[in-house]
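Have a look at the structure below, then the notes.
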Amino acid sequence: MSMSNPGGLPLTAADAVTPAQERVPLIAPPTEKAAPRVIAAMVGARLGLMVALSTPLTAGLVLKLQTLVDPDAIVGTLGLVTSLGALSALLFDPIFGRLSDRTTSRFGRRRPWMLIGAAGLIVALAIIALAPNAGVVALGWVLGQMLANAAVSAHTATLADQLPSRQRGKVSGMIGIAQQAAALGAAYAAQFLGTQLLLLFLVPGVIGFILVAVYALVLPDQQLPKRPRSEGGFLTVLKTFWVNPLEHPDFALAWGSRFLLVLANFMFITFRLLWIQNEFGLTPAKAAEVMATGVLCYTISLIVAGQIAGWLSDKIGRRKPFIVGSALIFAVGTYMLTHVESNQGFFLAEVVLGIGFGIYVAVDLALVLDVLPSANDAAKDLGVFNIAMAGPQVLAPGASAILIGLGAGQNFDLMLVAAAVIAILGAVMILPVKTVK
């Protein structure tokens with residue numbers, strides 16, 4: 001039986017990796033630091049992809065749906081559309097990761113999927129912009145998340161492909177900062193293009209594709225000499241979403257830690273605006289203004305903390321203390337919100353939250369790259385790990401709504417305390433990791 005790959009020749013069973021060889025990397029792991037131009041293009045590509053994805057979430061979907069549905073239905077419709085998109089990301093990231101790991105194209109393993117995904121995202125964004133009803137918007141966003149994750153999963157795998165361990169903390173910090181900076185880029189896109197929906201969706205998508213194409217040009221993406229061994233049939237599909245926690249406990253612990261930290265983060269983010277209105281008795285417009293300033297404080301502190309933590313982590317060769325410390329700092333910032341009495345107190349809490357999450361995003365990915373189960377399945381395993389990012393985004397709104405609804409129906413403090421406890425549990429989960437200091 002033969003199979004074909006993008007840009008490659010058909011492969012026969014003789015080309016397959018034997019069970020005895022499956023743990024041997026088919027492409028040698030990097031020993032030399034990646035060139036500055038590769039790193040710059042790597043960070044730029046991530047920034048472009050995240051701007052293209054963040055702009056619809058920040059404003060594009062809301063503005064589009066306001067032209068299609070009644071005002072009373074906006075919240076429910078937006079929640080359904082974004083949840084379907086998050087579910088699409090959760091499912092397709094590991095699927096495209098596995099395809100990327102097994103691609104034998106002469107153009108490399110990662111390059112074809114980055115370009116296919118970034119180009120496909122533009123098409124999906126155009127479908128949303130031109131959608132005649134909310135159903136087509138939902139279809140376009142599901143398609144967009146699916147195709148974007150073809151690019152994102154392949155891009156994330158290039159970090160494992162190109163970076164030696166001593167370089168991963170610094171670059172992971174830069175990647176984390178790029179992802180957070182994308183939210184600001186999306187806000188500016190909404191400000192300048194908000195009245196022109198087609199441009200609001202397409203311009204960020206085109207920018208993302210250009211930056212991905214630049215990275216594809218400079219990326220030294222090696223061709224896979226042989227395809228990895230297949231488990232066969234439906235078992236292969238199931239294993240796409242599975243890494244045995246008993247065989248790879250450090251990976252499982254890192255997965256659980258991220259799931260809890262992201263869940264704690266999105267429990268607050270989802271209801272941040274409503275919390276501000278309830279806490280300070282502000283109008284929606286004034287609350288949005290206060291929120292914007294708070295997010296700016298959060299982003300600046302995140303960038304500074306992330307850069308310092310990533311550099312220092314590489315310098316001293318340690319990851320765990322940073323992740324544990326970041327989770328605890330984030331928990332403190334979340335708990336501070338229960339005692340806020342003024343805008344200034346809210347801004348201070350956002351600074352603490354930014355420091356905590358900045359340290360986390362800088363070092364967490366570096367730790368995960370160090371505990372990947374198999375070099376031959378790096379993109380697939382990173383896709384499984386990304387479930388710990390997408391899954392909480394599906395669960396957080398419902399969990400927070402239940403907690404807020406207890407008692408008098410405005411129990412935001414209970415939600416915040418629960419988020420702080422969840423963050424602390426995330427810190428505790430990283431302590432038993434053995435293969436990384």
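If you go through segment 175-216 and keep only what is farther than 12 Å from Pro56 by Cα and β-branched (Val, Ile, Thr), you end up with Ile175, Ile177, Thr195, Val206, Ile207, Ile210, Val212, Val214. Output yes when any residue across segment 363-381 is within 21 Å of Leu273 (Cα to Cα) and either in a helix (DSSP H, G or I) or modelled with pLDDT of 75 or more (or both), and no when none is. Checking segment 363-381: not a single residue is within 21 Å of Leu273 (Cα to Cα) and either in a helix (DSSP H, G or I) or modelled with pLDDT of 75 or more (or both).
Would you confirm whether or not segment 108-126 contains a residue that is surrounded by 24 or more Cβ atoms within 10 Å (Cβ to Cβ), in contact (Cβ under 8 Å) with a residue 24 or more places away in the chain, within 25 Å of Leu61 (Cβ to Cβ) and among the β-branched types (Val, Ile, Thr)? Taking every residue of segment 108-126 in turn, none turns out to be surrounded by 24 or more Cβ atoms within 10 Å (Cβ to Cβ), in contact (Cβ under 8 Å) with a residue 24 or more places away in the chain, within 25 Å of Leu61 (Cβ to Cβ) and among the β-branched types (Val, Ile, Thr).
None of Leu224, Leu235, Leu202 is part of a helix (DSSP H, G or I) and either closer than 29 Å to Ala41 by Cβ or at pLDDT 85 or above (or both) except Leu202. Every condition in (1) in contact (Cβ under 8 Å) with a residue 24 or more places away in the chain; (2) at positive phi is met by Val304 except one, and the failing one is (2). Of all residues in segment 136-167, those satisfying the criterion of being under 30 Å from Pro321 (Cβ atoms), of a type outside the set (Val, Ile, Thr), assigned to a helix (DSSP H, G or I) and touching a Lys or Arg at 6+ places or on another chain (Cβ under 9 Å) are Ser153, His155, Ala157, Leu159, Ala160, Asp161, Arg166, Gln167. Here Pro432, Pro392 are screened, and the one residue that is over 24 Å from His339 (Cα atoms), surrounded by 17 or more Cβ atoms within 10 Å (Cβ to Cβ) and not aliphatic (A, V, I, L, M) is Pro392. Those residues that are crowded, with 22+ Cβ neighbours inside 10 Å and within 12 Å of Lys437 (Cβ to Cβ), I need them from segment 292-322; list them, please. Within segment 292-322, Ser313, Arg319, Phe322 qualify. The residue pairs whose first member lies in segment 399-415 and is in a helix (DSSP H, G or I), whose second member is β-branched (Val, Ile, Thr) and modelled with pLDDT of 85 or more, and whose beta carbons are closer than 7 Å, counting only pairs six or more residues apart or on different chains, are Asp413/Thr338. Among the residues of segment 267-290, those that are open to solvent by 50 Å² or more (accessible area, probe 1.4 Å) and assigned to a helix (DSSP H, G or I) comprise Ile269, Thr270, Leu273, Leu274, Asn278, Glu279, Pro284, Ala285, Lys286, Glu289. Can you tell me which residue in segment 23-43 is farthest from Pro164 (Cα to Cα), limited to those that are open to solvent by 20 Å² or more (accessible area, probe 1.4 Å), small (Gly, Ala, Ser) and at pLDDT 85 or above? That would be Ala40.
The values are calculated or read from the model by the stated rules, or taken from the named source; none is laboratory data. This structure is a prediction, so every number in the text was calculated from the model and none was measured. Quick reminder, even Gly has a Cβ in these numbers, built from the backbone with ideal geometry, and neighbours come from all protein chains shown. With ligands, DNA and RNA removed, areas are computed over all heavy atoms of the protein, side chains included. Shrake-Rupley method; radii C 1.70, N 1.55, O 1.52, S 1.80 Å.
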